[in-house]
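For reference, the structure is listed below as structure tokens.
The values are calculated or read from the model by the stated rules, or taken from the named source; none is laboratory data. As the structure is a computational prediction, the values presented were derived from the model and not from experiment. FYI the Cβ positions are ideal-geometry reconstructions off the backbone, even for glycines, and counts take in every protein chain you see.
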Amino acid sequence: MKRAWTLPMLLALCGAAGAAGLVLDGSTAAAVALLLLFFLLAGTHSPLVFPRPLGALEAERRSAADGRPVVHWRPGCRYCLRLRVRLGRDARRMHWVDIRRDPAGAAVVWAAYQGNETVPTVVVAGRAHTGPDPAWVREQLTG
């Protein structure tokens, strides 16, 4: 859990430190802009952007029951963020597994790619797909 928040917290602290320096120099507007930029970056790299993650076993069980894809992701991954943003509200209809929080989820990704941690990995009907096009993933929800 703590590992998922390391990068966002570092970004927020760096932004606060930079903003404090600008305030001391008398540049309040620049400090506010810098702080907002760093908080925005921290937010986009935080687990808050993604739907609530499940454990890999629970996600597989639910996927078997409803046929929806399972997405294995990790915080700080720009490709995972891209997939999440491009899916929009449809992302909530899938089962998300944070491989930093769930060792079983990481094992699924490692097994699919010979020990490599390649994310996002979308599992549809037991078959892993690396970095798929968001339009294709959306089709899997309707198909």
_Taking the conditions exactly as written (more than 19 Å from the chain's Cα centre (by Cα), buried (at least 18 other Cβ atoms within 10 Å of the Cβ) and not in a loop (DSSP other than H, G, I, E, B)), does residue 34 satisfy them or not?_
yes
*Look through region 54-93, keep the residues that are under 13 Å from residue 137 (Cβ atoms) and aliphatic (A, V, I, L, M), and return whichever of them is surrounded by the most Cβ atoms within 10 Å (Cβ to Cβ).*
71
*asked:* Looking only at region 55-72, count every residue that is small (Gly, Ala, Ser) and not in a helix (DSSP H, G or I) and tell me the total.
replied: 2
*Which residues, counting only those in region 37-54, are assigned to a loop (DSSP other than H, G, I, E, B) and out of contact with any strand residue (DSSP E or B) (no Cβ under 6 Å at 6 or more places or on another chain)?*
45, 46, 52
*Consider residue 12 carefully, then state whether it is part of a helix (DSSP H, G or I) and over 30 Å from residue 121 (Cβ atoms).*
no
_Looking only at region 84-143, how many residues end up being charged (D, E, K, R), over 11 Å from residue 72 (Cα atoms) and in contact with a Phe, Trp or Tyr (Cβ under 9 Å, 6 or more places away or on another chain)?_
1
*Got a sec? Which of 89, 101, 138, 61 is on the phi < 0 side of the Ramachandran plot, modelled with pLDDT under 85 and among the charged types (D, E, K, R)?*
89
*Cβ-Cβ below 9 Å, separation at least six or inter-chain, first residue in region 91-118 and part of a loop (DSSP other than H, G, I, E, B), second polar (S, T, N, Q): which pairs?*
94/63; 94/140; 99/121; 113/121; 113/130; 118/130
_Checking residue 59 against (1) closer than 16 Å to residue 81 by Cβ; (2) in the same structural domain as residue 75 (by TED's automatic domain parsing); (3) of a type in the set (Gly, Ala, Ser), only one condition comes out false. Which one?_
(1)
